[in-house]
Amino acid sequence: MRAVTCGWTLEENIKHNLYYYRAETGYSDHLYIGTYSDKSIRAIVKISNIIEADLLPNGTLQIHSNINPISIEQKKKKKYNRCCCIS
């Protein structure tokens, strides 16, 4: 498990089952993330996919890599660089 900071995005992360961050941050192999906000872990979630993509000016995602096949639901979650889709 890896603890990740959320700050002001915590509610959005939980609502959309998505944690996103810049690809430059790097990635280490793990199955769960703990979302950290306001001095404590607020949720522990299982990672279902890791997607690296850029959000293009026309609103579409240019996908560079993914761990598992990307579901229709995951394609609707338009964020940038790298995201962990959580279940």
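The values are calculated or read from the model by the stated rules, or taken from the named source; none is laboratory data. Treat the numbers as computed from the prediction; the structure is a model and nothing was measured. Cβ placement follows ideal geometry from the backbone for every residue including glycine, while neighbour counts extend to all protein chains displayed. What goes into the accessible areas is simple: the full protein's heavy atoms, side chains included, and nothing from ligands, DNA or RNA. Shrake-Rupley method; radii C 1.70, N 1.55, O 1.52, S 1.80 Å.
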Residue hits (segment 24-58; open to solvent by less than 80 Å² (accessible area, probe 1.4 Å) and closer than 22 Å to I72 by Cα) are V45, I47, S48, N49, I50, I51, E52, A53, D54, L56
Which one of these does E11 not meet: (1) at pLDDT 85 or above; (2) in contact with a strand residue (DSSP E or B) (Cβ under 7 Å, 6 or more places away or on another chain); (3) not aliphatic (A, V, I, L, M)? (2)
Of the residues that sit in segment 59-78 and are among the aliphatic types (A, V, I, L, M) and open to solvent by less than 100 Å² (accessible area, probe 1.4 Å), which one is modelled with the lowest pLDDT? L61
Of all residues in segment 12-42 being among the small types (G, A, S) and within 14 Å of the chain's Cα centre (by Cα), the one that is nearest to R2 (Cα to Cα): G34
